[in-house]
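Data first, discussion second: the structure below is written as structure tokens.
The values are calculated or read from the model by the stated rules, or taken from the named source; none is laboratory data. Not measured: the values here are computed from a predicted model. The accessibility values were calculated without ligands, DNA or RNA, using every heavy atom of the protein model including side chains. Shrake-Rupley method; radii C 1.70, N 1.55, O 1.52, S 1.80 Å.
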Amino acid sequence: MTTALGMQGQQQNAGSASALLGLARYALGGLMSPIVGLFGQHTYMPMAILIVGVQLVGFIIFSQVKKQ
């Protein structure tokens, strides 16, 4: 559903929009993996805290975007 919402209104540039969304997904995952590893490898808490943090940032950004 997120991909569909992100590509909404991009019919003429669907390939580029899809590539940008995929790149952003992999880049964010590539950045977050080492950060989780820095905070510990014996518990799931660093990963859980990072997931909650990223979700909160996403929610704040989403709530600030004006709907057209």
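On the chain, 68 percent of the accessible area sits on carbon and sulfur atoms, based on a 1.4 Å probe. Round to the nearest 10 and give me the degree value, 0 to 90, for the angle of helix 45-64's Cα axis relative to the longest principal axis of the chain. Between the helix axis and the principal axis of the chain, the angle is about 30 degrees.
Gain in length, Thr43 to Gln64, computed as 0.36 nm per residue apart minus the alpha-carbon separation, to one decimal in nm?
Gain in length upon complete extension: 4.2 nm.
The angle between the Cα long axis of helix 14-38 and the longest principal axis of the Cα atoms of the chain comes to about 10 degrees, rounded to the nearest 10.
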